[in-house]
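Heads up: the structure comes next, in structure tokens.
We did not get these values from a lab; they are worked out from the coordinates using the rules stated. The structure displayed is predicted, hence computed values, not measured ones. Note: ideal-geometry Cβ built from the backbone for every residue, glycine included; neighbour counts use all protein chains shown.
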Amino acid sequence: MRILAIETSCDDTGIAILESNSRSQPKILADLVSSQVKIHAPWGGVVPMLAKREHQKNLVPILEQGLKETDLLALLGHSDPANAGEESLANASTAARIRGKSFGLRLQDDNTLKTILNREPELLKKIIPFLKKYQRPDIDLIAVTIGPGLEPALWVGVNFARALAYVWNLPIAPINHLEAHLGAALAFGTERKSSAIPKNLFPAVCLIVSGGHTQLILMRDFGEYRILGETRDDAAGEAFDKVAKMLNLGYPGGPKISQLAAKFNSEFRNSNFETDSKLKIKKSELVLPRPMINSKDFDFSFSGLKTAALYLTKKLTKAQLKNFTPAIAAEFQRAVVDVLVAKTIRAAKEFKAKTVLLAGGVASNDLLRETLSLATNHLSLNFLVPPKNFCTDNAAMVAYTAYLEKTTFEKKYRFNWKKIKADANLTIA
Ligand code: KG4
Ligand code: ZN
């Protein structure tokens, strides 16, 4: 079985191809991500309409590249007997579509294809020559992220999947973005010999931390989720991004803050702040709060922490701010990590978890990975976290989650493109 996966929930355009057979672990044959960081950086955050525009530009070229890398692309030459006919696709039978009949001249006149990509005209312009050029690749299922995420961005991926599914006569597996982040930890976060998820991992307490989400989830099994708590305001990644902006570190803030904090921790940690008379400041003045760390629930709040960081930057002189930016970055990161780890470990104890699973873009933060690894080790719990490149958005995790759904629940996806919709507010439980 081969799965083609599409991810466009935020500002990364992702295409992946997964191959599996009953004898061995599924393999990711291609995994391509086109990042839009440079496009959004001047705005200090993701601009949904720019993300939509970029996804429309990127999808076809990276799909073409992914299929080429895996040798799944064959030209639809004129010598191809299946291509001899020229009837309109709209009237063509399913069988004719599968064979690739009339992929040629009439594709641009196909009304269904035009309707599917009505709101993505740039994508329509790119997909037609692509579909005319190549035969249907040897793929069995298309997996696509349907939500949660940025609505206009999600729709580009969903409508791309619908268009390909329609023309190539393939079923679509609709994938929840948060479940895909967890899927990344299950797939790539551990060394396993069999392709099945070992039952002894569950129950697992999962911390999903990204630019849009911060949730603690109890996973009793793959597909069985209960939300234990979530952020009441900003997501953890959002707080990283906003504080980085305050400190003039640029976008995206997470990696910038963690680099600066690492440098500070290795170089300046033990230096005496109070010796330079011009910069004089007490160490205690640089301490930020740990919001809700002792609250009985499993919720989070990061907006107060962000505001405290803002007050601190306002209180300092220009010279002080310049001098103490690395210290503030380190303290902010420590505060976020303290709260996330404290609540995750308390949830793991309370729900007698066997595993702690960490996922989402912020899971690439070194301090968070190390601190949670130590804490779980101390309690003899399994700890699953994807390698860093599978923490931020990618399509490999989407492909793997579709594979898990198909194999775990023996789902039979049919020719269903008409039923697939984006849902920006989709929840996991
Ligand atoms: O999962 P993701 O790629 O996209 C969403 O679904 O939101 O997460 C992106 C978020 C951004 O807010 C980014 O600043 C944060 O993950 N991030 C980090 C690090 N790398 C990315 N946050 C803290 N430390 C990092 N090293
Ligand atoms: Zn994400």
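Just rank H40, H213, H378, fewest to most, by other beta-carbon atoms within 10 angstrom. Ascending number of Cβ neighbours within 10 Å: H378, H40, H213. A simple spin-label model places the labels of S303 and R226 2.9 nm from each other, with each point 7 Å out along Cα-to-Cβ.
Taking 0.36 nm per residue of separation and subtracting the Cα-Cα distance, full extension of the segment from D71 to K280 would add 68.9 nm. For n ≥ 4 DSSP H runs only, could you compute -39500 (n - 2.57) per run for the chain, divide by its residues and tell me the 222 nm figure to the nearest 500? About -13500 deg cm²/dmol. Panel order for Y403, Y251, by other beta carbons found within 10 Å of each beta carbon, from fewest to most: Y251, Y403. In plain terms, if you count all Cα to Cα distances in the chain and split them into 20 Å steps from zero, the share in each step is 25, 50, 21, 4, 0 percent.
Work out how much length Y311 to T427 would gain on full extension: take 0.36 nm times their residue separation and subtract the Cα-Cα distance, in nm to one decimal. Contour length minus the Cα-Cα distance gives 38.3 nm.
Remark: spin-label model distance Q108-K57 equals 2.3 nm, labels positioned 7 Å along the Cα→Cβ axis.
Sequence-ordered 3J(HN,Hα) estimates for segment 306-321 from the Karplus curve with 6.51, -1.76 and 1.60 and θ = phi - 60° stand at 4, 5, 4, 5, 5, 4, 4, 5, 6, 6, 7, 6, 4, 5, 5, 4 Hz, glycine and proline given as x.
The antiparallel fraction among DSSP beta bridges confined to the chain stands at about 60%. With the simple model of a label 7 Å out from the Cα in the direction of the Cβ, K354 to E370 spans 3.1 nm.
Short-range pairs are left out: with C-alpha atoms under 8 Å and at least six residues apart, the relative contact order of segment 112-168 is 42 percent. Full extension of the chain segment joining S380 with N200 gains 63.5 nm, where the gain is 0.36 nm per residue of separation less the Cα-Cα distance. Once the Cα atoms of helix 236-246 and of the chain are each reduced to a long axis, what angle between those two axes, in degrees from 0 to 90 to the nearest 10, is obtained? The angle comes out near 60 degrees. For the residue pairs K68/K354; K245/K343; K245/K421, alpha carbon separations beyond 31 Å are given by K68/K354; K245/K421.
Note on S295/S266: beta-carbon distance plugged into 1/(1 + (r/R0)^6) with R0 of 25 Å gives a FRET efficiency of 0.15. Remark: segment 3-8, residue by residue, has Karplus-estimated 3J(HN,Hα) of 10, 9, 10, 10, 10, 9 Hz, where x stands for each Gly or Pro and the curve is 6.51 cos²θ - 1.76 cosθ + 1.60 at θ = phi - 60°.
Normalised by the number of residues in segment 281-419, the average gap of Cα pairs under 8 Å and 6 or more apart makes the relative contact order 19 percent.
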